[in-house]
Each structure stands twice: as structure tokens, then as C-alpha cells.
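Below is one structure, written out as C-alpha cells; comments come after it.
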Amino acid sequence: MPGEGDPHAEVMFIGEAPGYHEDRQGRPFVGPAGQFLNELLGRAGLRREQVYITNVVKCRPPGNRDPLPDEIAACAPYLDEQIAVIRPSVIVTLGRYSMARWFPNEKISRIHGKPRRFGDVVVVPMYHPAAALHQPALKELVEKDFDALREIIAQARAEAARTVEAQQSEEKAQQMRLF
Ligand code: URA
């Protein structure tokens, strides 16, 4: 199950692996965790059609067990390619497996909701919506983090626009030097 959404999305969400419903439908986040994710997207001012949603692992681990290191490694080239093609300004990691790709030694309880820039992309680690569904105390935290995501996206957008502007004025300066 590759993922779905706008191929030009500004924001990409990366979960763990397809569950039962996702495996049946061939679409990411369509079960109960997906329902909650849809709500959370609304809090961040996003519609599902305008983002891209995928997972670290592309096949459903049997019995919903945690993905194994060799499964994560086997799927990594697909995720790399998705990120390279979509080139989002913001990546939101959902849960610890996608978080580990950018923050290998961090704890979600310490860094959730805090953006960090990696080159051209801002990565925001979030609790997994399914974890929040099962732990009411987390639900409020995740909701607050998604409320704050709106501003993080606005800042990343402004930064991306400044970068494009700087590139354009550098190109212009180069052209002028040719005369
Ligand atoms: N949980 C995930 O991590 N991914 C999905 O696609 C669905 C549930």
C-alpha cells in the first residue's frame, strides 16, 4: 500500500504500517485512527486531499505486530523516493517508527509537536493518532499539537517563499553579470 494524496503536497504525513482496514482498502489511515487523523487535519487547517499520507512500512505486519527492522529497511527506498518526488516543505511523523528516521535517539514525550529543520524540510514529530485514541490523556496533547501545526506550516511556507525569492534574485544577478 503506497500511500495517497496530492503529489504536490506541501505537507506529508508518515505513519507506521497499514492496519486491517488499510490493507483491505489499499488506502492509508482509513480505520478508526484515520477517522481521528481526519479530525486532526481539520485542526491544522488542512483537508485530506491537499496532503500526502503514507507509512514507513508498505505492507501490513501480520496480526498488527510492530514492524521489524528488516521490514523497515526493505521499505525505506520506497519512502525515500516518495519524499524525493513530493518534496514536501513539512513532514509530520506519526508515531515512533517514522520519528526514528529523523530523531533516532529521542523520546516522543520530550519532542512531540516541536519542529526541527533538516535542510529544505521541517519535520514535526507527533504522537500516533491510534495511541491517542487508546489513551485519553494523550488525546488532548495531540489535539494541541495539531492546533499549533497550522502556524508551523505557515512559517515553513514563508521560509520556502524566501528561499525561492533568494534563488531568483541570485539568478537575475548572474544574468546581469553576463552583460
Ligand atoms: N496506522 C498507521 O500507522 N498507518 C495506517 O495507515 C493506519 C493505521
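The values are calculated or read from the model by the stated rules, or taken from the named source; none is laboratory data. Quick caveat, the model's predicted, so the values are computed rather than measured. Cβ coordinates were reconstructed from backbone atoms using ideal geometry, including for glycine residues, and neighbour counts include every protein chain displayed. With ligands, DNA and RNA removed, areas are computed over all heavy atoms of the protein, side chains included. Shrake-Rupley method; radii C 1.70, N 1.55, O 1.52, S 1.80 Å.
The share of accessible area on the chain that comes from carbon and sulfur is 53 percent, using a 1.4 angstrom probe.
Think of the range 4-177 as a dipole: +1 on every Lys or Arg Cβ, -1 on every Asp or Glu Cβ, centred on the Cα centre; then among Val56, Gly119, Phe146, Phe146 lies furthest on the positive end.
Between the range 123-179 and the range 1-66, the C-alpha centres lie 19 angstrom from each other. With the simple spin-label model, which puts each label point 7 Å out from Cα in the Cβ direction, the Glu39 to Gln25 separation comes to 1.6 nm. Taking amide H positions as modeled 1.01 Å from N, with prolines and chain starts lacking one, the residues under 5 Å from Val51 and 5 or more places away or on another chain are Asp6. Restricting attention to the chain, close to 30% of DSSP beta bridges with both partner residues there are antiparallel. The residues packed around Met99, meaning those with a beta-carbon under 15 Å from its beta-carbon, carry a net charge of +2 if Lys and Arg are +1 and Asp and Glu are -1.
Taking a probe of 1.4 Å, how large is the accessible area per residue of the range 4-177, in Å²? Numbers along the way, then the final one.
On the way: 9710 Å² over 174 residues.
I get 56 Å² per residue for the range 4-177.
The distance between label points at Glu49 and Asp80 comes to 3.4 nm (points 7 Å beyond Cα on the Cα→Cβ vector).
Seen against the Cα atoms of the chain and their longest principal axis, helix 136-177 is set at about 20 degrees. In the chain, the calculated helix contribution to ellipticity at 222 nm averages -17000 deg cm²/dmol per residue, counting -39,500 (n - 2.57) for every DSSP H run with n ≥ 4. With R₀ fixed at 30 Å, the C-beta to C-beta distance from Lys139 to Arg162 puts the FRET efficiency at about 0.25.
Put Ile14, Ile152 in order of accessible area, highest first, and with a 1.4 Å probe you get Ile152, Ile14.
Here the 3J(HN,Hα) profile of the range 92-97, calculated from phi with Karplus coefficients 6.51, -1.76 and 1.60 at θ = phi - 60°, is 9, 8, 10, x, 7, 6 Hz, Gly and Pro shown as x.
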